[in-house]
Amino acid sequence: MRASLTNHALRVLFTVICLSPPVTAQTAATPPEMIEIATRENLPPYVVDRAAHGIEIDLVHAILKGSGYEPVFVQQPRVRMISAFENGQMNGILTQNVLASEVGCATDWYIAHQNIAVSMASKNLSIDSLDDLKGLSILSFSGATRYLGPEFQQAVANTKRYTESGDQSKHIKLLYSGRFDAVVGDRWILALAQKSHFTKTGEYRELKHHPIMEPSLYVARFHDQKVCDAFNLGLRRLRADGSYAEIWNGYRKSLAVTTDSKAPVPQ
């Protein structure tokens, strides 16, 4: 009787095993944890198409790939980004100065903004520092004197004419027309403006780039130290295997009207 029960139990167990679906890596894998990250409103080429693409968006997706965390980007004006993160409404926040806050944990820097001056190559201007803006007519983006710091503010106070404009897509046209001696702004935003102007009009003129300011390095912040650790690990991997430079190179090539082999790639 006992042997019969044992055999019956074995047959039942065998049947259950045979009918059970196979355990694969996909079914056994834990789905990634969705984390909401506050990011800027559209700022091509950094944040594009409702944060679906862009240099910064692509970098963060690549950094967190395989980490167990899946970023969900929430676009907000900068002031709302900060308040939403500090109030705990967001798991993380992008593009932060490392000294700007002590809330949560800061990652290693992952993106750099290089503000430069650009001038017409035909003018052959020597602009090696902020002091060299003196006596020139300068165009920059709205709020530049606030965002680029007191040294820039002091420098443009001595220019022949200084103007700020929110529509950076038109800055290249104004430079080409000779209305300004130089335009100051982010290198890649100005590259996109030049490419867009060329696409619309077919007009292209060689520009001279003047790196008159040090790059601004930005970190991300998260409330959970585990996310910061995973972010830093992914960032180190990206830099080590060449993927970080590859993402930047892809955008550099897409923004160039002609091949600019001298354009630096942030490391």
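Considering only 89, 117, 54, the residue lying farthest towards the positive end of the dipole of the chain is 54, judged by Cα position with unit charges set on Cβ. Only loop residues by DSSP count here, and only those with at most 13 other Cβ atoms within 10 Å; note down the trypsin sites (Lys or Arg not before Pro) in the stretch 25-111 that meet that. Answer by residue number: 50.
Cα-Cα over 24 Å: which of 123/195; 134/200; 65/226?
As for pairs spanning more than 24 Å Cα to Cα, those are 134/200.
Rg over Rh for the stretch 104-257 works out to 1.04, using Cα positions for both radii and the Kirkwood form for Rh.
Its DSSP H runs of at least 4 residues, each contributing -39,500 (n - 2.57), put the calculated 222 nm mean residue ellipticity of the chain at -11500 deg cm²/dmol, to the nearest 500. Nonpolar atom fraction for the chain, defined as the carbon and sulfur part of the 1.4 Å probe accessible area, stands at 53 percent. Residues of the chain were split at every exposed loop site, defined as GluC sites (Glu not before Pro) in a DSSP loop with at most 12 other C-beta atoms within 10 angstrom, and the longest piece left, sites excluded, is 1-101. Angle between the Cα long axis of helix 55-64 and the longest principal axis of the chain, 0 to 90 degrees, nearest 10? On a 0 to 90 degree scale, this one is about 30. Among 191, 52, 100, the largest mean-square fluctuation in a Gaussian network model of the chain (Cα springs under 10 Å) belongs to 100.
Among the trypsin sites (Lys or Arg not before Pro) in the stretch 167-263, which ones are in a DSSP loop with at most 11 other Cβ atoms within 10 Å of the Cβ? Mind listing them?
262
Each Lys and Arg Cβ is given +1 and each Asp and Glu Cβ -1; about its Cα centre, the chain then shows a dipole of about 540 debye. Residues considered: 234, 202, 178. Largest GNM mean-square fluctuation over the chain, using C-alpha springs under 10 Å, is found at 202. Cα-based values for the chain, radius of gyration first and Dmax second, are 25.8, 106 Å. Taking every protein chain into account, the accessible area of the chain amounts to 56 square angstrom per residue (probe 1.4 Å). Between the helical axis of 225-240 and the dominant principal axis of the chain, each derived from Cα atoms, what acute angle in degrees is found, rounded to the nearest 10? For 225-240 against the chain, the angle is about 70 degrees. Of the listed residues 156, 257, the order by accessible area with a 1.4 Å probe, largest first, is 257, 156. The angle between the Cα long axis of helix 2-19 and the longest principal axis of the Cα atoms of the chain comes to about 20 degrees, rounded to the nearest 10.
The values are calculated or read from the model by the stated rules, or taken from the named source; none is laboratory data. Predicted, not measured: the structure shown is a model, and the values here were computed from it. Backbone-built Cβ (ideal geometry, glycine too); neighbour counts: all protein chains shown. Accessible surface areas use protein heavy atoms only, side chains included; no ligands, DNA or RNA. Shrake-Rupley method; radii C 1.70, N 1.55, O 1.52, S 1.80 Å.
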